Amino acid sequence: GGVAGLTAAGVEEVGKAVSEARAKFNALDSDGSGVLDGAELEALATWSWESFHPGQEITAGARAETLAKVLAECDTTKDGRVDWGEFEKYYRVIAERLVRWHSDQRAAEGARVAAAEAMKVKHEAEVAAVKAELAVAQAGATRASELSAELEAERAALRACQSELAMVKEAPGGGGGL
């Protein structure tokens with residue numbers, strides 16, 4: 001499969017995942033034939049299912065369904081067996097999709113943090129503008145109470161924005177690591 005749209009780090013991440021899958025494939029190949037069949041394929045289906053359902057116990061039905069999917073996707077020769085070449089092609093596509101998905105998730109989180117930061121700056125600017133206008137008004141004894149109320153409203157909006165920004169940054173997978 002191609003690696004279009006992946007960064008160098010993404011390509012490296014895919015390569016690492018494929019290497020780990022190769023080690024798992026070899027471990028599942030209990031007879032050392034270089035091909036998975038029978039119970040080895042059932043073990044592959046279990047590993048595949050459990051990779052997407054961590055901490056859950058696979059049922060016989062889920063194992064049969066996953067085995068059927070593995071054979072449909074991997075067994076390109078339709079001989080009821082899967083060799084490394086067949087599995088590697090399939091697994092590489094899955095690994096690339098996962099790397100792209102994680103990259104998209106990080107980008108979306110970065111956008112949420114940037115939007116929260118922009119709102120914070122906006123409210124800070126509004127607070128500064130109202131403070132300046134209040135100073136002028138207080139000096140001229142006009143609109144002081146109105147502007148004072150507006151200042152308090154903008155300060156409250158700024159505090160709320162700062163709290164939301166802190167929550168976004170502290171959330172799992174949040175912008176703290178960006």
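The values are calculated or read from the model by the stated rules, or taken from the named source; none is laboratory data. All of these numbers come straight from a predicted model, not from anything done at the bench. Counting neighbours? That spans all protein chains shown, and the Cβs are built from the backbone with ideal geometry, glycine included. Quick note on the areas: whole protein, heavy atoms, side chains included, nothing else; ligands and nucleic acids left out. Shrake-Rupley method; radii C 1.70, N 1.55, O 1.52, S 1.80 Å.
Checking the stated criteria, residue 70 turns out to be part of a helix (DSSP H, G or I), modelled with pLDDT of 90 or more and not charged (D, E, K, R).
Applying the condition of being touching a helix residue (DSSP H, G or I) at 6+ places or on another chain (Cβ under 6 Å) and open to solvent by 90 Å² or more (accessible area, probe 1.4 Å) to the range 130-155 and asking which residue is modelled with the highest pLDDT yields 138.
In summary, residue 127 fulfils each of the numbered conditions (1) β-branched (Val, Ile, Thr); (2) open to solvent by 60 Å² or more (accessible area, probe 1.4 Å); (3) at pLDDT 90 or above with the single exception of condition (2). Return the residues of the range 156-170 that are open to solvent by 40 Å² or more (accessible area, probe 1.4 Å) and closer than 23 Å to residue 130 by Cα; say none if nothing qualifies. Of everything in the range 156-170, those that are open to solvent by 40 Å² or more (accessible area, probe 1.4 Å) and closer than 23 Å to residue 130 by Cα turn out to be 156, 159, 160, 162, 163, 164.
Reported count of residues in the range 17-49, each being open to solvent by 60 Å² or more (accessible area, probe 1.4 Å) and under 18 Å from the mean Cα position of the chain (by Cα), is 0. Kindly establish whether residue 69 is under 25 Å from the mean Cα position of the chain (by Cα), of a type in the set (Lys, Arg) and surrounded by fewer than 16 Cβ atoms within 10 Å (Cβ to Cβ). So residue 69 passes the test.
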